[in-house]
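The values are calculated or read from the model by the stated rules, or taken from the named source; none is laboratory data. If you're wondering where the values come from, they're calculated on a predicted model, not measured in any experiment. Cβ coordinates were reconstructed from backbone atoms using ideal geometry, including for glycine residues, and neighbour counts include every protein chain displayed. The area values use the complete protein model at the heavy-atom level, side chains included, leaving out ligands, DNA and RNA. Shrake-Rupley method; radii C 1.70, N 1.55, O 1.52, S 1.80 Å.
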Amino acid sequence: MTLIHNDYILFCTDQWSDIKNIVEKCGGIESEVIESLQRLEIMGFLESRSLKQTSFYKKYEKPQSREQFTSMMEHFVSYQNSEIESIKSIPTIMSADGSQFGFTKNGLKLLENIQEEIDRISMVITRIDHHDKIRTLQHPIALQRIKKLKKHVNKIMNIMLDSYKDVRSNVALQEYFKNHTEKLNF
């Protein structure tokens with residue numbers, strides 16, 4: 001769960017900051033903060049520089065170039081493929097013993113990972129929409145990118161619903177992810 005650090009990382013990187021300083025300010029587990037930094041950079045929210053053997057990060061305010069967006073989408077697809085493999089390896093996500101939300105431990109972890117990806121995509125969509133509104137990104141390009149991101153989310157959602165077709169699982173999945181469509185509507 002690396003999303004918990006994103007807001008604070010973005011808050012404390014108005015100026016160039018090294019990893020050690022960011023980790024201290026976030027007060028989190030170093031590996032999680034570093035993973036958040038790397039994911040935020042891939043998503044185009046941060047830029048990095050290295051000096052000697054120290055990495056520095058700063059908030060990146062410009063819209064992504066076509067190459068940056070393509071690279072980010074490749075990473076999203078890579079993570080999605082990993083989740084699809086997880087779906088294939090977990091025959092059922094529902095627990096018969098009534099554990100949390102009725103999900104198995106592996107099923108709940110899978111859902112949390114997918115929800116985290118959806119939240120990341122929501123962040124990117126919000127940012128694209130913002131750049132569209134302030135006219136730093138051409139409207140047709142913004143619409144095309146948002147459409148591509150929504151299609152990406154819908155793909156994993158459809159795979160989940162197709163993989164766990166029993167009524168109990170399907171209803172539980174729809175309830176668990178009920179907010180994702182609300183977040184993606186602009």
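Some observations on this one:
- Considering only Pro91, Phe11, Leu110, and ranking their Cα positions along the charge dipole of the chain that arises from unit charges at the beta-carbon of Lys, Arg, Asp and Glu, the one farthest toward the positive end is Phe11.
- Three semi-axes of the equivalent ellipsoid, segment 34-84, Cα gyration tensor, whole Å, largest first: 22, 15, 8
- Theoretical gain in end-to-end length, Leu161 to Ser82 [0.36 nm per residue, Cα-Cα removed]: 26.7 nm
- Residue pairs, from the table Lys105/Lys151; Lys58/Lys105; Lys58/Lys109; Lys20/Lys58; Lys25/Lys150, whose Cα atoms sit over 25 Å apart: Lys105/Lys151; Lys58/Lys105; Lys58/Lys109; Lys25/Lys150
- At a probe radius of 1.4 angstrom, the accessible area of the chain per residue rounds to 60 square angstrom.
- Loop-resident sites, segment 78-143, for trypsin sites (Lys or Arg not before Pro), counting at most 15 other Cβ within 10 Å (DSSP): Arg135
- Cβ-placed point charges (K, R +1; D, E -1), dipole of segment 35-186 about Cα centre in debye, nearest 20: 560
- Carbon + sulfur, % of accessible area of the chain - ligands and nucleic acids excluded, 1.4 Å: 51
- Straight-line cross-link partners of Lys148 among the lysines, defined as a Cα under 25 Å from its Cα and at least 8 positions apart when in the same chain: Lys59, Lys62, Lys88, Lys133, Lys178, Lys183.
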